[in-house]
Amino acid sequence: MDEKDRTIVTFGDDPEPEKVSQNSGIVSGQNEFTVDVDVPKDVEAEEVPHRSEPAEPADRYLEDYKSYTGRYQAEKAEEDACNAAGENAGTAEEVYHRAEPADSHVQTYSRPARDPRYVTKGALAVCMVLTMLVSSVLGALIGGALNSGSTGSSSSPAAGGGSSSKSISEATGSDLTISEIVDMNADSVVEILVSGTAQGYFGQMQPVEGAGSGVIYSKDGYIVTNYHVIQGANKVQVTLHNGETYPASIVGGNNDMDIAVIKINASDLKPAKVGDSSTVEVGDTAVAIGNPLGQLGGTATTGIISALDRNLTIEGRTLSLMQTDAAVNGGNSGGGLFNSKGELIGIVDAKSSGVGIEGLAFALPINSVVDDIDDIIENGNVTTRPVVGVTIADVSEDSARYYQLESAGVYITQVTGENAKKAGFQSEDRIVSLDGEEINSSQQFVAAVKKHKAGDVVTIVVSRSGQEIEIKTELEEYTDSNL
């Protein structure tokens, strides 16, 4: 018991120090004694005045003290028992005893009754246990119902289905899982190995080899790849996904668009399903399948479409490409880029490389090359593609100042076509417009020309030494003799 819970009641004269009994707690003298009394903590001991008459025997006060402490402990034990049983004893009057005043041995007082809303600790514990039990039962019932419902909706042999789960395609009617996309197209992507000769550093000719990928375009053996994969090759070999190897012949290609077609003598091949790249959006699923490093045929990597219409100049070709973060390496060129429906939306063309550069790969949108592919298969080259007969380049403001040109824009760097030469085009002419459409980039100029066909006459305005000149010319048919 703390010091604040103890009361010293003194009767008679001050005791003599040397007559204090350490064991009994009673200090005795000739006419006085002291009793050390325990009291409840919330009751303050009252001062007891000195008696004028002689002190009564010590045994009587010891009996009073024992009687008081016995009653207090019994009542306290009763209260604790009630609380433990969860009974609401808040309305009962509780009686405590404290040190008696000088004219009475025992005095009682009443503590105010508890608020009827009072909840004991025991009752609260019981309520919490009951709540947990009810929650567990309800959770089990609801979970069982949900599980039963989902099981009932799954296909089963009894219901006519052969599987207990549905694919994303079955659930949504459109998208496939990555594994389903790969399974759908693995047999449509091939490995390409090329060999040829190239001039060495000191002018001698030496054999060279290269590797790439291709996409089967038709059942009878037409395969699409990049122009740069087969450029300069005198021998082309194709390996199918099943391991079969075939020699291939070069059908034709379009250097400007970096697209080419080769052919193997095979039938019943599995062509890729051509999609619509104009519907592609940034964030769409992208799966690349190809032959990275020229040794890992059938490799599939996945990512998203990171950007559209990236205008890049690669090996002298200015191309409008889709960007993806699907992993691409040397040997992937000419492989397929597929969407979430398993459709071919692009032909993998290149990747950015260098220290610290990752996740930058590019593909030709299938819509931009499908006409050329069909034309090459039908005619052996691109016959329906019209051209002006000039080589062009985009020039920046800095480059214009460096070369002392009038301004930034699209400039003619070389005149190659017979019709263009007759019309009067010159190197360093800046193209201003084509049939009234203002030209600001080489891609825009190419797109404007492709709206026509070979033999059409167009009007092109060029700026020469600050003076605008209007030139009419007949579009020529595209030919490529570099294969």
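The values are calculated or read from the model by the stated rules, or taken from the named source; none is laboratory data. Everything numeric here is computed off the predicted structure, so don't read it as measured data. Cβ atoms come from the backbone with ideal geometry, glycine included; neighbour counts cover every protein chain shown. Heavy atoms of the whole protein, side chains included, go into the accessibility calculation; ligands, DNA and RNA do not. Shrake-Rupley method; radii C 1.70, N 1.55, O 1.52, S 1.80 Å.
For residues that are without any contact (Cβ under 8 Å) to a residue 60 or more places away in the chain and touching a strand residue (DSSP E or B) at 6+ places or on another chain (Cβ under 8 Å), tally how many sit in region 294-312.
Of region 294-312, the ones without any contact (Cβ under 8 Å) to a residue 60 or more places away in the chain are 296, 299, 301, 303-310, 312.
Next cut, touching a strand residue (DSSP E or B) at 6+ places or on another chain (Cβ under 8 Å) only: 299, 301, 303-310, 312.
Total meeting the criteria: 11.
Return the pairs, sorted by first residue and then second, in which the second residue is open to solvent by 30 Å² or more (accessible area, probe 1.4 Å) and not in a loop (DSSP other than H, G, I, E, B), the first residue lies in region 369-384 and is within 15 Å of Gly221 (Cα to Cα), the beta carbons are less than 8 Å apart, and the residues are 6+ apart or on different chains.
Ile376/Val251; Ile377/Tyr222; Ile377/Val251; Gly380/Val251
Could you please find all residues in region 207-228 being under 36 Å from the mean Cα position of the chain (by Cα) and farther than 21 Å from Asn367 by Cβ?
From region 207-228, those under 36 Å from the mean Cα position of the chain (by Cα) are 211-217, 223-228; that's our starting set.
Residues satisfying the conditions are Ala211, Gly212.
When you go through (1) in contact (Cβ under 8 Å) with a residue 12 or more places away in the chain; (2) within 20 Å of Thr383 (Cα to Cα) one by one for Lys451, which number turns out not to apply?
(1)
Identify all residues within region 438-478 that are open to solvent by 100 Å² or more (accessible area, probe 1.4 Å) and either within 29 Å of Ile230 (Cα to Cα) or of a type in the set (D, E, K, R) (or both); write none if there are none.
Glu438, Lys451, Lys453, Glu468, Glu470, Lys472
In this structure, does Gly243 turn out to be of a type outside the set (A, V, I, L, M, F, W, C) and touching a strand residue (DSSP E or B) at 6+ places or on another chain (Cβ under 8 Å)?
Values: of a type outside the set (A, V, I, L, M, F, W, C): yes; touching a strand residue (DSSP E or B) at 6+ places or on another chain (Cβ under 8 Å): no.
When the stated conditions are applied, Gly243 does not pass them.
Which one of these is at pLDDT below 90 and either open to solvent by less than 60 Å² (accessible area, probe 1.4 Å) or within 42 Å of the chain's Cα centre (by Cα) (or both): Asp258, Asp268?
Numbers: Asp268 fails: at pLDDT below 90.
Asp258 is the lone residue from the list that is at pLDDT below 90 and either open to solvent by less than 60 Å² (accessible area, probe 1.4 Å) or within 42 Å of the chain's Cα centre (by Cα) (or both).
This table checks each residue for (1) at pLDDT 85 or above; (2) more than 24 Å from Val446 (Cα to Cα); (3) touching a Gly at 6+ places or on another chain (Cβ under 8 Å).
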{"position": "Ala286", "(1), (2), (3)": "yes, yes, yes"}
{"position": "Gly290", "(1), (2), (3)": "yes, yes, yes"}
{"position": "Thr302", "(1), (2), (3)": "yes, yes, no"}
{"position": "Ala307", "(1), (2), (3)": "yes, no, no"}
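Of the conditions (1) more than 25 Å from the chain's Cα centre (by Cα); (2) farther than 30 Å from Val457 by Cα; (3) open to solvent by 20 Å² or more (accessible area, probe 1.4 Å); (4) of a type in the set (Asp, Glu), Asp325 fails just one. Which one is it?
For Asp325, the failing item is (1).
Residues in region 379-399: is at least one more than 27 Å from Ile347 (Cβ to Cβ) and of a type in the set (S, T, N, Q)?
yes
Could you run through region 438-460 and say how many residues are within 14 Å of Val387 (Cβ to Cβ) and of a type in the set (Ser, Thr, Tyr)?
Of the residues in region 438-460, 1 are within 14 Å of Val387 (Cβ to Cβ) and of a type in the set (Ser, Thr, Tyr).
Among (1) over 18 Å from Gly331 (Cα atoms); (2) among the β-branched types (Val, Ile, Thr); (3) in contact with a strand residue (DSSP E or B) (Cβ under 7 Å, 6 or more places away or on another chain); (4) not in a loop (DSSP other than H, G, I, E, B), there is one condition Val282 misses while meeting the rest; what is its number?
Against the list (1) over 18 Å from Gly331 (Cα atoms); (2) among the β-branched types (Val, Ile, Thr); (3) in contact with a strand residue (DSSP E or B) (Cβ under 7 Å, 6 or more places away or on another chain); (4) not in a loop (DSSP other than H, G, I, E, B), Val282 comes up short only on (4).
Only one of Gly203, Gly162, Gly152 is at pLDDT below 70 and at positive phi. Can you tell me which?
Numbers: Gly162 fails: at positive phi; Gly152 fails: at positive phi.
Among Gly203, Gly162, Gly152, only Gly203 is at pLDDT below 70 and at positive phi.
Residue-by-condition table, conditions (1) modelled with pLDDT under 90; (2) open to solvent by less than 30 Å² (accessible area, probe 1.4 Å); (3) aromatic (Phe, Trp, Tyr); (4) closer than 30 Å to Ile305 by Cβ:
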residue	(1), (2), (3), (4)
Gly359	yes, no, no, yes
Ser368	yes, no, no, yes
Asp371	yes, no, no, yes
Ile376	no, yes, no, yes
Gly380	yes, yes, no, no
Asp394	yes, no, no, yes
Gln404	yes, no, no, no
Asn419	no, no, no, no
Phe425	no, yes, yes, no
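Which ones in region 170-200 are loosely packed, with under 15 Cβ neighbours inside 10 Å, under 19 Å from Ile250 (Cα atoms) and at pLDDT 85 or above?
Ser195
Among what's in region 382-392 and is over 27 Å from Ser249 (Cβ atoms) and of a type in the set (Val, Ile, Thr), pick the residue that is most open to solvent (accessible area, probe 1.4 Å). Walk me through it before giving the result.
We begin by selecting, within region 382-392, every residue over 27 Å from Ser249 (Cβ atoms); these are 386, 388-392.
When the remaining residues are screened for being of a type in the set (Val, Ile, Thr), the result is 388, 390-392.
Details: Val388: 8, Val390: 30, Thr391: 57, Ile392: 41 Å².
It comes out as Thr391.
Which numbered condition trips up Glu209, out of (1) among the acidic types (Asp, Glu); (2) in a loop (DSSP other than H, G, I, E, B); (3) without any contact (Cβ under 8 Å) to a residue 24 or more places away in the chain?
Condition not satisfied by Glu209: (2).
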